[in-house]
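Peer 1: There's a structure below that I have some questions on.
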Amino acid sequence: MTQAEIKLCSLLLREHFGEIVERVGTLLVRAGAQPLRMLVGDTGLSLEQVKKALCVLLQHNLATFQLPKRGGVEYEARAERVLRVLRYPRYIYAAKTLYGDTGELLVEELLLNGKMTMSAAVRKVADRLTETMEDGRTMDYADVSSTFVRLADTHLVQRCPLLPETPQGPPGPAPTLVLDEKEMYTVPRLNLSGRGKRRRSCEEEEEGEPRAKKQKADGEGSEPPPEDDGIYWQVNLERFHQHFRDQAIVSAVANRMDQTSSEIVRTMLRMSEVTTASGAPYTQPLSSNEIFRSLPAGYNISKQVLDQYLTLLADDPLEFVGKSGDSGGGMYTVNLHKALASLATATLESIVEERFGSRCARIFRLLLRKKHLEQKQVEDFAMIPAKEAKEMLYRMLSENFVALQEIPKTPDHAPSRTFYLYTVNVPASARMLLHRCYKSVANLMERRQFETKENKRLLEKSQRVEAILASMQATGAEAAQLQEIEEMITAPERQQLENLKRNVNKSETPGGGTGGAPQPFFHPPNRPLSAPPGWTPARTRWTRRSSCWSPSSTAPSGSPE
């Protein structure tokens with residue numbers, strides 16, 4: 001864990017969950033697994049505050065607990081999961097693209113709460129959709145429930161580990177959570193009948209019955225616990241990453257060949273998306289006949305043309321598609337690891353060309369193809385003068401885009417009797433770029449916080465003026481009165497607000513987070529989730545900004561829902 005990643009984790013925890021959770025989470029990221037007693041002493045917080053902060057982290061899968069051999073319970077932060085907060089807007093936008101507004105809100109609610117029961121998520125989303133509809137229209141629970149089932153069928157949401165029904169032995173200091181893989185995506189049968197409700201305004205409450213009577217009536221008719229009480233669901237981030245990976249592979253095939261080839265690869269990935277693990281090197285073998293039957297209806301190509309396309313894809317030097325057998329008209333697989341390696345290499349080549357120019361990119365591609373070359377060989381093969389080739393190699397070496405490997409002729413490693421070979425370590429270079437992205441995001445977040453803090457008074461004044469204008473427009477004020485209120489903000493202040501808005505928009509992190517396609521190339525699969533349902537989390541609201549989403553406000557981290 002680099003210092004840039006630790007800093008970014010700290011900023012993300014502070015922005016989304018508050019200062020208390022940030023202090024506990026940052027200590028766990030820096031120091032590793034810690035017992036509760038050490039957390040209280042090192043953070044300087046009270047025992048109750050540390051417990052609530054751990055509940056928030058466990059609820060959002062940002063920390064895990066374990067039972068060491070020496071006894072007690074230790075808590076450990078999941079730093080890679082904290083960094084995934086950057087991708088929350090992209091997960092929400094992907095759900096909107098696949099399943100519309102209902103799928104978008106379901107994924108958003110699960111991300112905001114960490115874990116939820118299906119019934120609670122369905123009711124909350126139905127209420128939110130009803131609020132946006134015209135008067136007299138409501139959202140049926142059954143429609144939202146069907147979308148939830150579709151999310152579970154495609155493994156975009158999954159069950160959380162639960163306590164075993166029959167505990168074995170005496171209870172220990174911490175529960176042991178289990179999850180049956182067969183039940184991980186099984187949706188319970190619920191009788192969710194009803195429609196979304198609109199929130200009553202203050203005027204409606206005043207006109208209706210008194211609040212005391214209403215609370216008493218609600219207390220007398222308390223509802224029984226839901227049918228799925230204790231069955232919690234969470235977003236399957238690895239499945240979303242698999243979807244992003246498949247999109248990148250299909251796009252790369254379309255750019256290299258044509259749209260029909262990309263649609264064939266898309267069909268192969270769609271057929272094996274549920275049966276193939278996220279870290280598998282290959283997809284499940286598919287026969288040519290199965291692929292032909294699963295093609296979209298709009299692609300009216302013959303079986304012979306499909307076989308020709310599959311042969312071209314299998315013979316391509318990039319080897320995105322491989323042939324694994326001849327049965328069923330030919331068995332084909334998508335080589336996921338080679339595809340990710342090719343995407344990472346193409347990204348590196350593009351960055352080198354943008355930063356150092358076309359000649360450096362020529363040397364970089366030459367090293368990728370030849371693996372190891374001496375400086376004289378680089379000059380000859382790249383057809384670049386010796387002085388320029390030396391400068392370019394040293395520039396890329398100083399930036400860690402190329403590496404230098406020493407091969408001594410004698411044990412004393414004398415420079416005169418040593419070969420110096422230049423090479424490219426693609427995983428190391430990709431990891432270096434990812435860490436630079438993390439550092440850039442952390443700097444942007446700090447700059448945004450600084451700009452907001454420096455102009456706090458002006459922002460509060462602007463919000464007050466906007467609130468006054470909104471209330472006057474609602475009461476039907478005249479244009480002259482509105483103009484007078486708008487003039488409360490002077491021209492220099494208005495210009496300062498525009499500059500602040502422009503600077504903050506520049507510093508907003510993109511919806512996709514960092515990493516893109518090369519990131520899964522060197523990231524191992526995440527460990528199984530093991531956090532129990534605990535403290536109800538703080539809420540983060542997300543607002544739409546062009547094609548991405550970003551957080552707009554955060555509730556205090558210590559307050560329950």
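Peer 1: Scan region 377-414 residue by residue and report those that are among the β-branched types (Val, Ile, Thr), assigned to a loop (DSSP other than H, G, I, E, B) and surrounded by fewer than 12 Cβ atoms within 10 Å (Cβ to Cβ).
Peer 2: Within region 377-414, the first condition is being among the β-branched types (Val, Ile, Thr), and the residues that meet it are 378, 384, 402, 407, 410.
Next, only the ones that are assigned to a loop (DSSP other than H, G, I, E, B) stay: 384, 402, 410.
The answer is 410, and nothing else.
Peer 1: Among the residues of region 459-478 satisfying the criterion of being β-branched (Val, Ile, Thr) and free of Cβ contacts under 8 Å to residues at least 24 places away in the same chain, which is most open to solvent (accessible area, probe 1.4 Å)?
Peer 2: So the residue we want is 475.
Peer 1: Of the conditions (1) within 29 Å of residue 278 (Cα to Cα); (2) open to solvent by 10 Å² or more (accessible area, probe 1.4 Å); (3) not basic (Lys, Arg), residue 142 clears all except one; give me its number.
Peer 2: (1)
Peer 1: Further question on the same structure: For region 313-334, name all the residues that are assigned to a strand (DSSP E or B) and buried (at least 19 other Cβ atoms within 10 Å of the Cβ).
Peer 2: Residues satisfying the conditions are 321, 332, 333, 334.
Peer 1: Can you pull out every residue in region 12-22 that is surrounded by fewer than 21 Cβ atoms within 10 Å (Cβ to Cβ) and in a helix (DSSP H, G or I)?
Peer 2: Within region 12-22, 14, 15, 19, 22 qualify.
Listed here are the residues, each with its yes/no results for (1) farther than 23 Å from residue 60 by Cα; (2) of a type outside the set (D, E, K, R); (3) open to solvent by 80 Å² or more (accessible area, probe 1.4 Å); (4) at pLDDT below 75.
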{"position": "147", "(1), (2), (3), (4)": "no, yes, no, no"}
{"position": "151", "(1), (2), (3), (4)": "no, yes, no, no"}
{"position": "157", "(1), (2), (3), (4)": "no, yes, no, no"}
{"position": "163", "(1), (2), (3), (4)": "no, yes, yes, no"}
{"position": "166", "(1), (2), (3), (4)": "yes, yes, yes, yes"}
{"position": "173", "(1), (2), (3), (4)": "no, yes, yes, yes"}
{"position": "183", "(1), (2), (3), (4)": "no, no, no, no"}
{"position": "187", "(1), (2), (3), (4)": "no, yes, no, no"}
{"position": "191", "(1), (2), (3), (4)": "yes, yes, yes, no"}
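Peer 1: Report, ordered by the first and then the second residue, all pairs with beta carbons closer than 8 Å, sequence separation of six or more or different chains, a first member in region 145-165 that is basic (Lys, Arg), and a second member that is open to solvent by 30 Å² or more (accessible area, probe 1.4 Å) and assigned to a loop (DSSP other than H, G, I, E, B).
Peer 2: Partner pairs satisfying both residue conditions: 159/179; 159/184; 159/185; 159/186; 159/231.
Peer 1: If you don't mind, there's one more thing I want to ask. Is it true that residue 245 is modelled with pLDDT of 70 or more, in contact with a Leu (Cβ under 6 Å, 6 or more places away or on another chain) and either closer than 23 Å to residue 97 by Cα or part of a helix (DSSP H, G or I) (or both)?
Peer 2: no
Peer 1: Out of 79, 95, which single residue is touching a residue at least 24 places away in the same chain (Cβ under 8 Å) and surrounded by 22 or more Cβ atoms within 10 Å (Cβ to Cβ)?
Peer 2: 95
Peer 1: I'd like the full set of residues that are under 23 Å from the mean Cα position of the chain (by Cα) and at positive phi, limited to region 48-105.
Peer 2: The answer is 61, 100.
Peer 1: Quick test of your reading of the structure: residue 231 fulfils all but one of (1) open to solvent by 70 Å² or more (accessible area, probe 1.4 Å); (2) modelled with pLDDT under 90. Name the failing condition by number.
Peer 2: It fails just one condition, (1).
Each row is one residue, and each column tells you yes or no for (1) modelled with pLDDT under 80; (2) of a type in the set (S, T, N, Q).
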site	(1), (2)
465	no, no
479	no, no
485	no, no
503	yes, yes
509	yes, yes
514	yes, yes
523	yes, no
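Peer 1: Residue 298 is checked against (1) in a loop (DSSP other than H, G, I, E, B); (2) surrounded by 14 or more Cβ atoms within 10 Å (Cβ to Cβ) and fails just one. What number does that condition carry?
Peer 2: (2)
The values are calculated or read from the model by the stated rules, or taken from the named source; none is laboratory data. Computed from a prediction, not measured in an experiment: that's the story for all the values here. Note that each Cβ is placed from the backbone with ideal geometry, even for glycine, and that neighbours are counted across all protein chains shown. Keep in mind that these areas ignore ligands, DNA and RNA; they rest on the heavy atoms of the full protein, side chains included. Shrake-Rupley method; radii C 1.70, N 1.55, O 1.52, S 1.80 Å.
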